[in-house]
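Colleague: Sharing a structure below in structure tokens format, with a few things to ask.
The values are calculated or read from the model by the stated rules, or taken from the named source; none is laboratory data. Predicted model only: the values in this text are computed from it and were never measured. Here the Cβ positions follow ideal geometry from the backbone for every residue, glycine too, while neighbour counts run over all protein chains shown. Just the protein is used for accessible areas: all its heavy atoms, side chains included, with ligands, DNA and RNA removed. Shrake-Rupley method; radii C 1.70, N 1.55, O 1.52, S 1.80 Å.
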Amino acid sequence: ILNVEQSPQSLHVQEGDSTNFTCSFPSSNFYALHWYRWETAKSPEALFVMTLNGDEKKKGRISATLNTKEGYSYLYIKGSQPEDSATYLCASRNTGGFKTIFGAGTRLFVKA
Amino acid sequence: NAGVTQTPKFQVLKTGQSMTLQCAQDMNHEYMSWYRQDPGMGLRLIHYSVGAGITDQGEVPNGYNVSRSTTEDFPLRLLSAAPSQTSVYFCASSLKPQGLSSYNSPLHFGNGTRLTVT
């Protein structure tokens, strides 16, 4: 994997559904994996920063896992609410100068 | 605490004009970076810096210059604007990853500058 890739590009779910997104990143020169939440007309806000293989982080109904050996991370949202509607970005930070590269994001729409 | 401040918020330029987008942070962050956001393409890294006097190119550096004379400021210069540079620009900063205290430092973003080049 040469770039940071996210899937799916967009997702429509009903209120109460649980959902998950995937982020793939280059495993070489890996330093950290970031997840951000980006609401329309605002700036991205950090959700998680993960560094170690096997890391799991949780904030309320949102959690994330990290596999640095195979180069992927999952973001999970349990019991989606309309206020969870946003774009979720992942970013990979490398060891060479700490360049931080973003994926294109997953746009989540939660219908009440 | 102001965080990351970007100016201006909006700008319209004509092709060939030059301008500087300003970015300042008051969190003593060593790492600063510029991204552009285009529909369907997420955030693409233009230039970044790990400290005063040090800059490096990101994914899409052509047409942009940067300098880092102080820890607080990281201006982005467009020397000759082109319509392809119409975009929303975000400045972001973080502690430079070193040592346990800054090991998990995320990026802090400014509010963005919407630039239109006609």
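Colleague: Charges only on Cβ, +1 for Lys and Arg, -1 for Asp and Glu: so what's the dipole of the protein assembly as shown about the Cα centre, in debye to the nearest 20?
Modeller: That gives the protein assembly as shown a dipole magnitude of about 220 debye.
Colleague: Okay, next question. Kindly report, to the nearest 10 Å², the accessible surface of B:Val117 as traced by a 1.4 Å probe over protein heavy atoms only.
Modeller: Here the accessible area works out near 10 Å².
Colleague: Give me, ordered by chain and number, the residues 5 or more places off B:Asp38 or on other chains with an amide H under 5 Å from its own placed amide H.
Modeller: B:Arg44
Colleague: Non-local amide H neighbours of B:Glu59 (under 5 Å, H modeled in plane, Pro and chain starts lacking H): which ones?
Modeller: B:Leu45, B:Ile46
Colleague: In whole percent, what relative contact order does chain A give with Cα contacts below 8 Å and a gap of six or more residues?
Modeller: 37 percent
Colleague: Once label points are set 7 Å from the Cα along Cα→Cβ at both A:Glu15 and B:Ala2, what is their separation, rounded to one decimal in nm?
Modeller: Between A:Glu15 and B:Ala2, the label points sit 4.1 nm apart.
Colleague: Test of understanding: given chain A, find the longest segment containing no GluC sites (Glu not before Pro) that are in a DSSP loop and have at most 13 other Cβ atoms within 10 Å.
Modeller: A:71-112
Colleague: I need the phi-derived Karplus couplings for the stretch B:79-92: 6.51 cos²θ - 1.76 cosθ + 1.60, θ = phi - 60°, integer Hz, Gly and Pro marked x.
Modeller: 7, 8, 4, 10, x, 5, 8, 5, 5, 9, 10, 10, 9, 9
Colleague: What FRET efficiency do you get for A:Lys58 and B:Asn28 if R0 is 25 Å and r is their Cβ-Cβ distance, rounded to the nearest 0.05?
Modeller: E(calc), rounded to 0.05, equals 0.25.
Colleague: Can you give me the Cα centroid spacing of the stretch A:74-112 and the stretch B:28-53 in angstrom?
Modeller: 18 Å
Colleague: For the pairs A:Lys57/B:Lys9; A:Lys42/B:Lys96; A:Lys57/A:Lys99; A:Lys42/A:Lys99, note any where the Cα-Cα span goes beyond 26 Å.
Modeller: The answer is A:Lys57/B:Lys9.
Colleague: Next question, about the same structure. Dipole size in debye (nearest 20) for chain B around its Cα centre, Lys and Arg Cβ +1, Asp and Glu Cβ -1? Don't skip to the answer; put the middle values down first.
Modeller: Details: 8 positive and 7 negative charges, 66 e Å.
Rounded to the nearest 20 debye, it is 320 debye.
Colleague: If contacts are Cα pairs under 8 angstrom and at least 6 residues apart, what is the relative contact order of chain B in percent? Before the final figure, lay out the partial values.
Modeller: Working: 305 pairs, mean separation 41.0, N = 118.
Relative contact order for chain B comes out at 35 percent.
Colleague: Name the residue farthest towards the positive end of the dipole of the protein assembly as shown from the options A:Asn94, A:Asn3, B:Ala82, assuming +1 on Cβ of Lys and Arg, -1 on Cβ of Asp and Glu, about the Cα centre.
Modeller: B:Ala82
Colleague: How large is ³J(HN,Hα) for each residue in the stretch B:47-62, as worked out from phi by the Karplus curve 6.51 cos²θ - 1.76 cosθ + 1.60 (θ = phi - 60°), to whole Hz, x for Gly and Pro?
Modeller: In residue order, the calculated couplings are 9, 8, 8, 9, x, 4, x, 10, 9, 8, 7, x, 7, 9, x, 5 Hz.
Colleague: Taking θ = phi - 60°, what integer Hz values does the Karplus form 6.51 cos²θ - 1.76 cosθ + 1.60 yield along the stretch A:7-20, in sequence order, with x for Gly and Pro?
Modeller: Computed from phi, the couplings for the stretch A:7-20 are 8, x, 6, 8, 8, 10, 9, 8, 3, x, 5, 9, 8, 8 Hz.
Colleague: Would you mind checking which residues have amide H under 5 Å from A:Lys99's amide H? H placed 1.01 Å from N; only 5 or more apart, or other chain.
Modeller: Counting only residues 5 or more places away or on other chains, the set is A:Asn94.
Colleague: Moving on. Could you tell me the accessible area of B:Asp56 in Å² (1.4 Å probe, neighbours in place), rounded to the nearest ten?
Modeller: Roughly 80 Å² of B:Asp56 is accessible to a 1.4 Å probe.
Colleague: Same structure again: If we count trypsin sites (Lys or Arg not before Pro) as exposed when they sit in a DSSP loop and have at most 13 other beta carbons within 10 Å, what is the longest stretch of chain A that avoids them all?
Modeller: A:70-112
Colleague: Place a point 7 Å from Cα of A:Asn29 in the direction of its Cβ. Which residues in the stretch B:28-45 have their backbone N less than 17 Å from it?
Modeller: The answer is B:45.
Colleague: Let me ask something additional. Which of rounded, prolate, oblate describes the stretch A:41-97, given a ≥ b ≥ c as roots of the alpha-carbon gyration tensor eigenvalues and a/c under 1.5 marking rounded, otherwise prolate only if a/b is larger than b/c?
Modeller: It is oblate, given that a/c is not under 1.5 and a/b is not larger than b/c.
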